[in-house]
1. Is it the case, given these coordinates, that T88 is surrounded by fewer than 22 Cβ atoms within 10 Å (Cβ to Cβ), farther than 21 Å from D225 by Cα and at pLDDT below 95?
2. Name the single residue, out of those in segment 131-178 being part of a loop (DSSP other than H, G, I, E, B) and among the charged types (D, E, K, R), that is nearest to G120 (Cα to Cα).
3. Which count do you get for residues in segment 178-212 that are buried (at least 17 other Cβ atoms within 10 Å of the Cβ) and more than 17 Å from L113 (Cβ to Cβ)?
4. Which residues, counting only those in segment 19-41, are acidic (D, E) and assigned to a helix (DSSP H, G or I)?
5. Looking only at segment 130-155, which residues are surrounded by 14 or more Cβ atoms within 10 Å (Cβ to Cβ) and of a type in the set (K, R)?
6. Return the pair list, or none, for Cβ contacts closer than 8 Å from residues in segment 222-236 that are on the phi > 0 side of the Ramachandran plot and at pLDDT below 95 to residues that are among the polar types (S, T, N, Q) and crowded, with 22+ Cβ neighbours inside 10 Å, at least 6 apart or on different chains.
7. Here are A22, A42: which of them is surrounded by 13 or more Cβ atoms within 10 Å (Cβ to Cβ) and under 27 Å from A125 (Cβ atoms)?
8. Within segment 156-177, work out how many residues are open to solvent by less than 40 Å² (accessible area, probe 1.4 Å) and either out of contact with any Ser or Thr (no Cβ under 9 Å at 6 or more places or on another chain) or within 28 Å of V84 (Cα to Cα) (or both).
Amino acid sequence: MTSTPDVLLELFVDVAYAVRRAIDAIDAMELRRRTDRGGQYALDLVADAEACRVLQRAGVRIVSEESGVHERDGATITVVVDPVDGSTNCSRGIPYWATSICALDADGPLAGLVVNQATGVCVTAVREKGAFRDGVRLRASSTTRTEDAMVYLTGTPPTPLPWKQFRALGSAALGLCEIAIGSLDGLLDAGGFHAPWDYLAGYLACVEAGAIVRDAHGRPLVTDDGDARRQLIAAGTAELADALAAGLA
């Protein structure tokens, strides 16, 4: 396939539509059904089957949360995908769950899409071309002090910081997009439990919106290793990122 960012984003939109249609077709009584794998819902498998079906037509290598690595001979693009980020929210009808997709080439993240499937709000990003929400260019918050910050939490940090307010909404991909959008000022992981499919598309959106994203332990964030886990710190400014990191020390 042609691996231009525009073509990839069109592909990702098709994936997102397929996932949403698949989830909509599940009976409400079945949405909370679990599989034998810890933390996995049956809905995750339904969504994954549709996401991979669309991606496989494009001749890309796939790394999926639910089904692992799908190799493709000669592929120059790896697509890292979480068909449903925020599965518990989805299963319970909480309107905050996403499909998160990022394409990697030899130079790293090339194009990414995160769509809140409950609202249709879509964030896209292309390397060195910016990040956008429904076509509007994004710029991260300029907040520098924790005391002025609205912070997104994933879990309970060991030491609460004197932030202005916090939110814990259950989707790391969407949380990173909130940082890129500037609706929230910072994001703090309580532990190292996020995989590349959780954060790569949101990471690219943040970087392209001028935000800072780090691993709390200095490990590289750009990886397609499905076994990798990272502890994320993100903020619109380096000063706020440093202040949030200090709370984990």
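1. So T88 fails the test.
2. It comes out as D134.
3. Adding up the residues that qualify gives 12.
4. D24, E30
5. Selection gives R133, R139, R145.
6. none
7. A22 is the lone residue from the list that is surrounded by 13 or more Cβ atoms within 10 Å (Cβ to Cβ) and under 27 Å from A125 (Cβ atoms).
8. Summing the residues that are open to solvent by less than 40 Å² (accessible area, probe 1.4 Å) and either out of contact with any Ser or Thr (no Cβ under 9 Å at 6 or more places or on another chain) or within 28 Å of V84 (Cα to Cα) (or both) in segment 156-177 gives 8.
The values are calculated or read from the model by the stated rules, or taken from the named source; none is laboratory data. Note that the structure is a prediction, hence the values are computed from the model and not measured. Here Cβ is always computed from backbone atoms with ideal geometry, including for glycine, and neighbour counts include all displayed protein chains. Areas reflect the complete protein model, heavy atoms only, side chains present, ligands, DNA and RNA absent. Shrake-Rupley method; radii C 1.70, N 1.55, O 1.52, S 1.80 Å.
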